[in-house]
Amino acid sequence: QSLPGEEMIAVVGLNAHIGVWESAEAWLRRLFGVECATAPAPKPEQWGIEQRDELRGYFLEKLELPVGKFKIPPKEMEESLPQQLLMLKVAAGAIADAKMNLSNEAALRTGVFTGIGLDFNSTNFSYRWKIAARAKTWAQKLGLNLNEDEMQAWITALRDAFCPPLTANRTVGALGGIVASRIAREFKIGGAGITISSEENSGLQALNAAVRLLQAETID
């Protein structure tokens, strides 16, 4: 809703990927009761949520993208967290739904505004470093009599079982703040690219920022 004197802004394209529903149409069908599919049941490793169904939300069981769908090398795609790839997929669907022709001139007057939450997997690699300090205590409690070489091999196995090692691709692929830049790069968009993280308010804040720049005619 615009304030007096402000230009109304139209939404001309939509897309969504929420849980098992991989399009805006599928989600609307679920929302209005046309489709009865439900979210997957909690898994044992999802600690503390098995008794809190209202907090569980809708989890993604998998995210599939064909190799070559976006201009991202396969190894980089493999080591990135799903957040950036999911946003690329959803943005592509929204652009297609809007039937946008992002020519060079139009792209320069187009912006990308995303609201994003923290993916906790972006920090879990730090625990790989802490495992070495605790491994000897764990070995004693488990009754393991390991020599130095065996201990190092066990530490390496524990680290790899917990999460992949930190690489350049994983570092970049875990940064939520570059999601808007990923989209701008993929679709050659030259206007403002802004990622806003404000907990549950992130999406509304991103939408508000986009509307203000449209009303100011900074972007089209």
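Here, each number is a calculation from the coordinates, and none is a lab measurement. As the structure is a prediction and not an experimental result, all values here were calculated from the model. Note: ideal-geometry Cβ built from the backbone for every residue, glycine included; neighbour counts use all protein chains shown.
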Dipole in debye (nearest 20) - segment 63-220, about Cα centre, beta carbon charges: Lys, Arg +1; Asp, Glu -1: 140 debye
Helix-only estimate, please: 222 nm mean residue ellipticity of the chain, summing -39500 (n - 2.57) across DSSP H runs of length 4 or more and dividing by its residues, to the nearest 500. -13500 deg cm²/dmol
What aspartates and glutamates does K136 reach when the alpha-carbon gap must be under 15 Å and sequence neighbours fewer than 8 apart in one chain are set aside? E148, D149, E150
Taking a ≥ b ≥ c as the square roots of the Cα gyration tensor eigenvalues, with a/c under 1.5 meaning rounded and otherwise prolate when a/b beats b/c or oblate if not, segment 167-220 comes out oblate
What pairs in K62/K130; K89/K188; K71/K188 have C-alpha atoms more than 22 Å from each other? K62/K130
Distance in nm between pseudo-label sites at L108 and R134 (7 Å out along the Cβ direction from Cα): 5.5 nm
Among M87, M100, M151, which one shows the highest mean-square fluctuation when the chain is modelled as a Gaussian network with alpha-carbon springs under 10 Å? M151
Please work out the Cα center distance from segment 150-220 to segment 123-143, rounded to the nearest Å. 29 Å
